Amino acid sequence: MVVVLRPKQVFTVPVEAECITPDVFAGKSVEEMETLGVWQGNRRCQLGELFKVEGESSAKSEEVSIRMFGDVHRVRRIGTQMSAGEVVVHGDVGFHLGEEMAGGKILVDGNVASWVGSMMKGGEIEVKGDAGDYVGAAYRGGDTRGMSGGTIVIHGDAGNELGYSMHKGIIKVHGDAGQFVGVHMKNGTIVVYGNSAGRNGAEMTGGKIVVCGSVPSILPSFTIDTIKPRVKINGEKLDGPFYLFTGDTAEEGKGRLYISKPSNPHLQFYEKLI
Amino acid sequence: MIVVDVRRTRTADIADYFLKVEPNKDYEVLEALRALVRDEEIDVDQVAGIPVKTLEDLADIMMSCKFGVIFFGLGLTMSAGKLRNVDTAISLVRDLNRYTKFMIMPMRGHFNVTGANVVYSWQTGYPYAVDFSRGYPRYNPGETSVVDILARGESDAGLVVASDPVAHFPKAAAENLVKKPLIVVDPEPTATSLLADVVFPSAFVGLEAEGTAYRMDHVPLPLKKVVEPPNGCLSDVDVLQRILDRVRKIRREKVEAA
Amino acid sequence: MSDLLIKNGFVYDPLNKIDGEIMDLAIRNGKIVEKAEGNNLKIVDASGMIVMPGGVDIHSHIAGAKVNAGRMLRPEDHFKDVEVKTEKTRSGVGRSIPSTFTTGYRYARMGYTTVFDPAMPALKARHTHEEFNDTPIIDTAAYPLLGDSWFVLECLAEDKIEECAAYVAWTMNATKGYVVKVVNPGGLEAWGFGRNMRNIDDTVPNFNITPREIVHGLCKVNELLHMPHTIHVHTNNLGKPGNYVTTLETMKCVEDLARGDKPVIHITHCQFSAFKGHDWRTFASGSEEIAKYMNNHSHVTTDMGQVIFTNTTTMTADGPFQFILYQLSGNKWINGDVETETSTGIVPFTYSRKSYVHATQWSIGLELALLIKDPWKIYLTTDHPNAGPFIYYPRVISWLTSRAAREAVMKKMNRRAREKSLLSSIDREYTFYEVAIATRAGQARALGLKNKGHLGVGADADLAIYNINPTIVEPSKDFKLVRKAFKHAAYTVKGGEIVVKDGEIVKSVDGKTFWVETETSCADEFAPRLKQVFEDYYTVKYENYIVPEHHLAVSCPVHTKAEI
């Protein structure tokens, strides 16, 4: 069943609404959903004060579909820890979308701010527009894990530090990516179909990064291994050829970095080392 | 002494070696050094304008010294890569400790900025960018840091103590700061205080009020009061305490009225 | 402040030999008195509950430069464990390196009212005291690190015991310190050059002295100054296989200074210093040997340093040990050197029940507590946060009071460690009386705190009431109830005021800071020499090094008269 949320006002300060998930909504009436707690700036208030809640929920979270309309670009933490069901956002959406998500699907028909899918464990996030920084990333401090399962697909561009400290799962970016793709990555797969701003795989110890477009340079702590005609990602074949680099040797890493050969003629000098 | 910078500085003039690095390429240099310290071969001939041979020599000097220190400043933290530059510099120091004793220390600007970090940390667990909006401390630079909050226009009032963000923050952030009600506590007139709605001139700490400052290696030093402040001029502690008392009183009255 | 009457509780007060008697306790002006009265006499009904003196912690890293560096290092430690502000309390974060307010509240919730920080770099004493001022409810004190101070090393190398004593006395007064702390004697100085001490007869680089001479010399100094506590020693080789030999040698090296039954040395977090074996593969427990020695000698006290299977943050002044831990774990690492005085290291660490070494360490702590027969000799600590955060104390209590609780853990831990553990052959279970010794009375006595750790007339009215009826609950079987009761005190009373009720803070008060004010006859003639030392060695002026008494929110000097 479908629950529709529309903001009742233009939000000028951040709204934090980790209650907007199929798991929390499941089995609740509209009135009950309206009394769920959210934060507007430093004030605690009820979901119903900020959003018009319509439609009907279901008993099981996997049958709940939440649709959000209107300007929610300052609304954070939607879909936090969700395990099933569906959230569809028609428009731009704020920080920490789908943080620690374990299952279900989130679809954004617009842009998404930073930390989308951070510490995600499973499920699927699809963004039609652009994403901010730290897609599928870890929290600060280095000891937390980034994304450890699931899939994130960004149809537009992504910002810096995409897949920071990623442990498992797949991230695909159809547009361009910023710097530090897969920084501190341990495992998993990242594909950038467009260009990247460089420093790919910085301090990675494992996993796979594919860049189909151009990169400004390769970090000096990566070593050229070979040239591969194509690379396979979950059954999808990407035609190259690709330069395959391994690293990050600064971390004694065994990560693999596939960089398109045709898009990067300035890397040709590496070929004499193969 | 080895100086690495994008331009020749006065410190570079008195150094034993000076390495000129291309702007925004610090990360590459540090990564190359880390690989070299781990006895890895480097595929390229030069990194950020520095020949790999020179970097090999540098790595050798660092590994064979008896006690080394890396000092870094804003040039590293504010150029491309930002926190990652420091991240990898710290890792380089850790790696060097396999061979010798090596330390790293930030060269802090602005008087007692270390003290602010130290006090925030013991009171909240985090050194800066602390967000109390939900009744407990949270920390996530980029989300909870002042400059980003201001740049996104998400605040509806500002209180600035002994700092001059209008002079130092990006234009959009400074504009959003002055657009909303702004209170400044500062002993000196600043660009920010000139644009503030309310200004509390406060006593100079270490001159007109006593206090503690933390040296950039976290050694606390007492600051003495030598002269009386001008009549009616309070220390920043007293100003903030009075504001707090007043806020609490207003809150109590509101609760009682309700 | 109204009088308080605690009625009908089962009172455990080992220093006054009271073992679970049903008694009333009267409180006036923050002290235990004969009789409470007055118009607004407040009565707390403690019937069916245990009443003990407020908990005392002899060794817990809660404040100062190193703890704070740990906080900065580990945002990931705090972000999921928060304390939300209330009308009575300030907000903060928790887990292994809690913010100061959280530290005070969480100790008070467990019925603890006195907690001493065991590692204060003298140069950064002002910082430690500023944190104490922001640590509510609990009474505090700090132990200046003196075992690697250049001045101490120079004096002791030339056998100038009295001059060393004058310096130690001055340091206690200047830094508002309470105990002479020695960490890896000589090793921290050697670490300045990336080296360490391998045994207690190694020579410290640049100083003609050995760890043995440092420990023996400072032990003599401690006696000359009539310090309330013994020297507090973190041994050489801590955390290394085979180190129980070093520990025994350290204990033995001050045997000649023992006078009667009075302890002269405290070996802290003994678990980390009771390892057998040649390397990590042959690693084993040395608890039997340590316990045997301690059972035959009365000049040593110790504390457990009990390992908890969890993620925590290790932090000690033992720079070289922390470097080893960093290499073993590959985790992030902070190292610091404090000019002419000491060093520091911080490494996040996870103790896993599936690891042979970690599971054996868990076993060693408990073996020591159970094999050392006299509970006045070994106290409950986790060397917070090194072997685990202090919030796990109730769990440790349940392991001490229940064989079944120990077995429940052993069932799930590394098989080889389980098979080798001595615990399966130990039946001993602590009584509540013994728990009261291990968690308050023994620690207060060891620290020379005359008004703490007991409930006799004149004692500070610090006490804890736990919702557990000793005539009904069998701690051996009902260990989960014991755990629950000790986790959230029914009441905590601090200085005569109820600060905790049903595990929640109902009032926040300021804690006191204890320090030793030592009177010597040579202070005036000593000062010029010391000023010269500051000119020669330090980047800080003599005058700026001294923490004035008014810098302490509630100063509580303990006066001693030295023999110099």
Exercise. Kindly list, by first and then second residue, each pair from a residue in region B:63-88 that is assigned to a helix (DSSP H, G or I) to a residue that is open to solvent by 60 Å² or more (accessible area, probe 1.4 Å) and among the charged types (D, E, K, R), limited to pairs with Cβ atoms under 9 Å and residues at least 6 apart or on different chains.
Key: B:63/B:98; B:76/B:82
Practice problem: Please name all residue pairs, on different chains or six or more residues apart, with Cβ atoms under 7 Å, provided the first residue is in region C:95-106 and is closer than 21 Å to residue C:494 by Cα and among the basic types (Lys, Arg) and the second residue is buried (at least 24 other Cβ atoms within 10 Å of the Cβ) and at pLDDT 95 or above. | Solution: C:106/C:98
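Answer yes or no: is there a residue in region B:2-21 that is within 14 Å of another protein chain (Cβ to nearest Cβ), open to solvent by 40 Å² or more (accessible area, probe 1.4 Å) and either closer than 21 Å to residue A:248 by Cα or without any contact (Cβ under 8 Å) to a residue 60 or more places away in the chain (or both). Can you show your working first?
Let us first name the residues in region B:2-21 that are within 14 Å of another protein chain (Cβ to nearest Cβ), namely B:21.
Add one more test, that the residue is open to solvent by 40 Å² or more (accessible area, probe 1.4 Å), and what stays is none.
Checked region B:2-21: no residue is within 14 Å of another protein chain (Cβ to nearest Cβ), open to solvent by 40 Å² or more (accessible area, probe 1.4 Å) and either closer than 21 Å to residue A:248 by Cα or without any contact (Cβ under 8 Å) to a residue 60 or more places away in the chain (or both).
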Exercise. May I ask you to say which residue of A:272, A:261 is charged (D, E, K, R), without any contact (Cβ under 8 Å) to a residue 60 or more places away in the chain and buried (at least 18 other Cβ atoms within 10 Å of the Cβ)?
Key: A:261
Quiz item: Which of the residues that make up region B:131-145 are part of a loop (DSSP other than H, G, I, E, B) and within 8 Å of chain C (Cβ to nearest Cβ)?
Solution: B:132, B:134, B:135, B:136, B:137
Quiz item: How about region C:59-107: which of its residues are aliphatic (A, V, I, L, M), away from chain A (no Cβ under 12 Å) and not in a loop (DSSP other than H, G, I, E, B)?
Solution: C:65, C:67, C:69, C:82, C:93
Practice problem: Taking the residues in region B:120-130 that are more than 7 Å from every other protein chain (Cβ to nearest Cβ) and in a loop (DSSP other than H, G, I, E, B) as candidates, determine which candidate is farthest from residue A:74 (Cα to Cα). | Solution: B:128
Quiz item: How many of the residues in region C:410-426 are in contact with a Lys or Arg (Cβ under 7 Å, 6 or more places away or on another chain) and closer than 21 Å to residue C:274 by Cβ?
Solution: 4
Quiz item: When you go through C:51, C:56, C:33, C:44 one by one, which is the residue that is more than 14 Å from every other protein chain (Cβ to nearest Cβ), in contact (Cβ under 8 Å) with a residue 60 or more places away in the chain, more than 23 Å from the chain's Cα centre (by Cα) and open to solvent by less than 10 Å² (accessible area, probe 1.4 Å)?
Solution: C:44
Quiz item: Of (1) buried (at least 23 other Cβ atoms within 10 Å of the Cβ); (2) closer than 30 Å to residue C:111 by Cβ; (3) of a type in the set (D, E, K, R), residue C:189 satisfies all except one. Which?
Solution: (2)
Quiz item: Which of the residues spanning region C:517-529 are in a strand (DSSP E or B) and over 16 Å from residue C:164 (Cβ atoms)?
Solution: C:517, C:519
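Among A:62, A:16, A:31, which is in contact with a strand residue (DSSP E or B) (Cβ under 7 Å, 6 or more places away or on another chain) and acidic (Asp, Glu)? Let's see the steps before the verdict.
Numbers: A:62 fails: in contact with a strand residue (DSSP E or B) (Cβ under 7 Å, 6 or more places away or on another chain); A:31 fails: in contact with a strand residue (DSSP E or B) (Cβ under 7 Å, 6 or more places away or on another chain).
Criteria check complete, one pass: A:16.
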Quiz prompt | Enumeration of residues in region A:198-227 that are at the interface with chain B (Cβ under 9 Å from one of its Cβ atoms), hydrophobic (A, V, I, L, M, F, W, C) and in contact with a Gly (Cβ under 8 Å, 6 or more places away or on another chain) | solution = A:202, A:219, A:222
Quiz item: Just wondering, is there one or more residues in region B:158-179 that are in contact with a strand residue (DSSP E or B) (Cβ under 6 Å, 6 or more places away or on another chain), assigned to a helix (DSSP H, G or I) and buried (at least 17 other Cβ atoms within 10 Å of the Cβ)?
Solution: yes
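Looking only at region B:22-54, count every residue that is in a helix (DSSP H, G or I) and open to solvent by 70 Å² or more (accessible area, probe 1.4 Å) and tell me the total.
1
Given the criterion under 29 Å from residue C:96 (Cβ atoms), within 14 Å of chain C (Cβ to nearest Cβ), of a type outside the set (A, V, I, L, M) and in contact (Cβ under 8 Å) with a residue 12 or more places away in the chain, identify the matching residue among A:186, A:168.
Working: A:168 fails: within 14 Å of chain C (Cβ to nearest Cβ).
Selected residue: A:186, the only one of A:186, A:168 that is under 29 Å from residue C:96 (Cβ atoms), within 14 Å of chain C (Cβ to nearest Cβ), of a type outside the set (A, V, I, L, M) and in contact (Cβ under 8 Å) with a residue 12 or more places away in the chain.
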Quiz item: Can you find even one residue in region A:191-202 that is within 12 Å of the chain's Cα centre (by Cα), open to solvent by 10 Å² or more (accessible area, probe 1.4 Å) and more than 28 Å from residue C:331 (Cα to Cα)?
Solution: no
Quiz item: Within the group C:177, C:239, which residue is in contact with an Asp or Glu (Cβ under 9 Å, 6 or more places away or on another chain) and either in the same structural domain as residue C:545 (by TED's automatic domain parsing) or open to solvent by less than 30 Å² (accessible area, probe 1.4 Å) (or both)?
Solution: C:239
Self-check item: Residue satisfying all of: in region A:228-252; under 30 Å from residue B:26 (Cβ atoms) and touching a strand residue (DSSP E or B) at 6+ places or on another chain (Cβ under 8 Å); farthest from the other protein chains (Cβ to nearest Cβ) among these
Solution: A:242
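Each row is one residue, and each column tells you yes or no for (1) out of contact with any Ser or Thr (no Cβ under 8 Å at 6 or more places or on another chain); (2) basic (Lys, Arg); (3) away from chain C (no Cβ under 14 Å); (4) open to solvent by 30 Å² or more (accessible area, probe 1.4 Å).
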{"position": "A:82", "(1), (2), (3), (4)": "no, no, yes, no"}
{"position": "A:85", "(1), (2), (3), (4)": "no, no, yes, no"}
{"position": "A:97", "(1), (2), (3), (4)": "yes, no, yes, no"}
{"position": "A:106", "(1), (2), (3), (4)": "yes, no, yes, no"}
{"position": "A:140", "(1), (2), (3), (4)": "yes, yes, no, yes"}
{"position": "A:175", "(1), (2), (3), (4)": "yes, no, yes, no"}
Self-check item: Qualifying positions in region A:8-35 - within 28 Å of residue B:144 (Cβ to Cβ), open to solvent by 30 Å² or more (accessible area, probe 1.4 Å) and not hydroxyl-bearing (Ser, Thr, Tyr)
Solution: A:8, A:9, A:10, A:18, A:23, A:24
Quiz item: Do we find a residue being touching a helix residue (DSSP H, G or I) at 6+ places or on another chain (Cβ under 6 Å) and open to solvent by 10 Å² or more (accessible area, probe 1.4 Å) anywhere in region C:61-78?
Solution: yes
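Against the condition surrounded by fewer than 18 Cβ atoms within 10 Å (Cβ to Cβ), farther than 25 Å from residue C:64 by Cα and more than 10 Å from chain C (Cβ to nearest Cβ), how does residue B:96 come out, does it pass? Explain how you work it out, then say what you get.
Numbers: surrounded by fewer than 18 Cβ atoms within 10 Å (Cβ to Cβ): no; farther than 25 Å from residue C:64 by Cα: yes; more than 10 Å from chain C (Cβ to nearest Cβ): yes.
For residue B:96, the condition - surrounded by fewer than 18 Cβ atoms within 10 Å (Cβ to Cβ), farther than 25 Å from residue C:64 by Cα and more than 10 Å from chain C (Cβ to nearest Cβ) - is not met.
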Quiz item: Restricting to region C:229-261, what's the tally of residues that are more than 14 Å from the chain's Cα centre (by Cα) and farther than 17 Å from residue C:216 by Cβ?
Solution: 11
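The values are calculated or read from the model by the stated rules, or taken from the named source; none is laboratory data. Remember, it's a predicted structure, so these values are computed and weren't measured experimentally. Heads up, the Cβs are rebuilt from the backbone with ideal geometry, glycines too, and the neighbour counts pull from every protein chain shown. Remember, those area values only see protein heavy atoms, side chains included, never the ligands or the DNA or RNA. Shrake-Rupley method; radii C 1.70, N 1.55, O 1.52, S 1.80 Å.
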